[in-house]
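A.B. asks: Right, I'll just put the structure down here and ask away after.
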Amino acid sequence: METPKSKDDWRFKIANREALIGVALAVINFVWWFGFAYGMGSGDVEEYSYVFGLPAWFFYSCVLGLAVMIVLVALTVKFFFRDIPFEDGEEER
């Protein structure tokens, strides 16, 4: 059962902030993928342009999108996420 003290625990504020950042990154990934896949890929197949032998919509949505998201996640973890203890009794740093 949750105690009133646990709602005031500083670790929950950090966890909630980091969860919201994670959701934002997932939304960014979906918008990137959807925008390129359906924005560039909805035309006639004969009119497609190609990047490295792949249709441009696929390259930008899946290949480049993956690289961009890996960089974004790495930067987010490095600059916005904090290492927090799981044990009770450790004070905020």
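Quick note: the coordinates plus some simple rules give every number you see, no bench work behind them. Since we're looking at a predicted model, the values are computed, not measured. Note that each Cβ is placed from the backbone with ideal geometry, even for glycine, and that neighbours are counted across all protein chains shown.
A.B. asks: What distance in nm separates the two pseudo spin-label positions at Val23 and Glu46, each 7 Å out from Cα along the beta-carbon direction?
C.D. replies: 4.7 nm
A.B. asks: Just rank Asp9, Asp83, fewest to most, by other beta-carbon atoms within 10 angstrom. Don't jump to the answer; show the numbers that get you there.
C.D. replies: Details: Asp9 14, Asp83 6.
Lowest count first: Asp83, Asp9.
A.B. asks: Additional query: Can you figure out the FRET efficiency of Ile70 with Asp8, using R₀ = 25 Å and their beta-carbon distance, to the nearest 0.05?
C.D. replies: 0.10
A.B. asks: Between Ala74, Phe52, Phe36, whose Cα lies farthest towards the positive end of the dipole of the chain when Lys and Arg beta carbons carry +1 and Asp and Glu beta carbons carry -1, centred on the Cα centre?
C.D. replies: So the residue we want is Ala74.
A.B. asks: Let me ask another. What full-extension length gain, to one decimal in nm, is calculated for Lys78 and Val31 as 0.36 nm per residue of separation minus the Cα-Cα distance? Before the final figure, lay out each step's value.
C.D. replies: Numbers: separation 47, 0.36 × 47 = 16.92 nm, distance 2.32 nm.
Result: 14.6 nm gained on full extension.
A.B. asks: I need the peptides 27-37, 11-21 ranked by packing, meaning the mean over residues of other C-beta atoms within 10 angstrom, with the highest value on top.
C.D. replies: 27-37, 11-21
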